[in-house]
Amino acid sequence: MKKTDYFPEESGKNGWFETSRYRNYRFKARSEIQPSYDYVVVGGGFAGVNAAFRLAENDKNASIALIDAFPIGYFSSGRNAGFIIDVPHSIVGDPKFTFEDQKWRFRLNKLVIERMKKIKEENHLECDWHQDGMHQAARIKSNLSYLEQLAEFLDVMEAPYQWFDAAETSQRLGTNFYIKSLYTPGTILINPSETVRGLATVLPENVSVFENTPVIEVKEGDIPNVILASGITIKCRKVILTVSGFLKNFGVPLSNRIAGIHSFGAFTRELNDDEIKTLNGASPWGVTAAHPGGATLRYTRSRRLYVRTDITFATHINIDNSRLYKSVYKLRRAFNNRFPQLKDVNFEYVYGGYIPITGNTQPLFENPAKNIFAGAVGDGTGVTRAATVGTFLADWATGLDSEEFRYVKKTFRPNWLPPEPFRTVGATARLIYEDMHARSEI
């Protein structure tokens, strides 16, 4: 394992975090960090929080520390578009990835969704979590083939869906931009920052949460050491690393098979009553583009419109501010194309985020050193995939076997990626190509 001095950095203002009801919740002070724990989880996103819950469930008398370099829910886990997707909505990836594998994804998705839902309900946790479903919509006829292929796949999966024509889609979304949409009802729409931070507030008493606490090194061995940037060393029995693309900075071997993309999101201010009327009285919704390079949009319960687009290859995890400023033009264009009647509504929050990507869309799930376990997602379905990775890393660390664990351990392995500079050149060319073909959907 390696020592690192590369940590997450601010990139704009994360509207999900800023509007979260748990934004000002105070976890334990760093002065309360103990010299030893049974388990230390590094990374407080959906993977880390689910790992902490599962560790506490599997080993009820254990002492557990959950540590994050940023506020919980502020970095990658709180910068996605807020879809908890039950049905696999992408059929790309390794050609060896079969329909049977997709059924497994569906099964695992439902398992972790039910786990999080149970935690939420048992703890009477209030958060923006509603099963509003998801639309995938096309702007032009040539992209309908993506939706038709998806419908055939959903038929095989025996998963429910509905078709909506242009008029029906307009009525549901409040925009005339799309000609047709495919709706899957099982998707849960959330404020991702509020949800993951809220879940962290109801972790069992034997879990201590420390945010704004960067880790610079993890040393493997019979008794692993977790060394903080403050100089404090924590001894433990097992370490779980769920730090997304930062795994490579800790020297996790297979992390060189993780690439990444940057995407950018923006929130409007709260819409007034007259502006909401222009949306045809639509209820909160989420829509992704038929073409994978198109824009994603949400209408939230906080009466805001949200747009995410402008995907670029990430040569670094952190985002330069000049790149963030350039994204505003594309975000504004995507918004105005769909809601010309609201073109004078300003963006209150704009941010950039990092999405880890692997060549075959499989997550990383690894035991890279003695008593150390590491994982990261490999595609854009971050919440359910991250929750799956965290849950089964905890099972691995505590020695709990199951049919699901064996499947995850066998298949969650990213394939080889070319080294630099070929990786950046190839990925950038592919994204430019996709952007050209998705232009009408942006």
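Counting charges near SER402 (Lys, Arg +1; Asp, Glu -1) among other residues having Cβ under 14 Å from its Cβ returns a value of +1.
Considering only beta bridges that DSSP places wholly inside the chain, some 70 percent are antiparallel. The alpha carbon gyration tensor of region 362-405 gives principal lengths a ≥ b ≥ c with a/c of 1.5 or higher and a/b no greater than b/c, which makes the shape oblate. Note on LYS343: aspartates and glutamates with a C-alpha under 15 Å away, same-chain residues under 8 apart excluded, are GLU270, ASP274, GLU275. Does region 11-109 come out rounded, prolate or oblate by the C-alpha gyration tensor, with a ≥ b ≥ c the root eigenvalues, rounded set by a/c under 1.5 and, if not, prolate when a/b is larger than b/c and oblate if not? Oblate. Neighbours of ARG107 by Cβ distance under 14 Å: Lys/Arg scored +1, Asp/Glu scored -1, total -1. Within a straight-line Cα-Cα reach of under 17 Å, LYS326 can be paired with the following aspartates and glutamates, leaving aside sequence neighbours fewer than 8 residues apart in one chain: GLU10, ASP310, GLU348, ASP435. Spin-label model, ASP273 to THR424: label points 7 Å out along the Cα-to-beta-carbon direction sit 5.4 nm apart. Annotation note: GluC sites (Glu not before Pro) in region 1-70 located in DSSP loop regions with a Cβ neighbour count of at most 16 within 10 Å are GLU9, GLU10.
Angle of helix 99-122 to the longest C-alpha principal axis of the chain, folded into 0 to 90 degrees and rounded to 10: 80°.
Using C-alpha pairs below 8 Å separated by at least 6 residues, the relative contact order for the chain is 25 percent.
Summing charges over neighbours of TYR178, with a neighbour being any other residue whose Cβ is under 14 Å away from its Cβ, gives +2 when K and R count +1 and D and E count -1. Taking the chain as the reference, fit the longest principal axis to its C-alpha atoms, fit the long axis of helix 46-58 to the helix C-alpha atoms, and give the angle between the two in degrees, 0 to 90, nearest 10. Helix 46-58 sits at roughly 50 degrees to that axis.
Across the chain, the fraction of Cα-Cα pairs farther apart than 43 Å, rounded to a whole number, is 9%. For region 88-242, the Kirkwood estimate of hydrodynamic radius, built from reciprocal distances between every pair of different alpha carbons, is 19.6 Å.
In the chain, taking the dipole from charged Cβ atoms about the Cα centre, the farthest positive-side position among ALA427, LEU279, THR187 is held by ALA427.
Across the cross-link table entries LYS3/LYS370; LYS13/LYS110; LYS120/LYS238, which are compared at the Cα atoms, the separations over 25 Å belong to LYS13/LYS110; LYS120/LYS238.
Potential lengthening of the chain between GLN171 and ASP320 amounts to 49.7 nm, from the contour at 0.36 nm per residue minus the alpha-carbon distance.
The trypsin sites (Lys or Arg not before Pro) found in region 342-442 that occupy coil by DSSP, while having at most 15 further C-beta atoms within 10 Å, are LYS343, LYS370. Here the label points at TYR6 and ASN346, each 7 Å from Cα along the C-beta direction, are separated by 3.6 nm in the simple model. Once each part is reduced to its C-alpha centroid, what is the distance from region 128-189 to region 11-30 in angstrom? The two parts, judged by their Cα centres, are 32 Å apart.
Against the longest alpha carbon principal axis of the chain, how many degrees, from 0 to 90 and to the nearest 10, is the axis of helix 321-338 turned? Taking the Cα atoms of the chain, the angle to 321-338 is about 40 degrees. For region 306-410, a/c is not less than 1.5, where a ≥ b ≥ c are the root eigenvalues of the C-alpha gyration tensor, and a/b tops b/c. That puts it in the prolate class.
Readers should treat all values here as calculations from the given coordinates under stated rules, not as data from a laboratory. None of the values given here were measured: they were computed from a predicted structure. Reconstructed Cβ throughout: ideal geometry from the backbone, glycine too, with neighbour counts over all protein chains shown.
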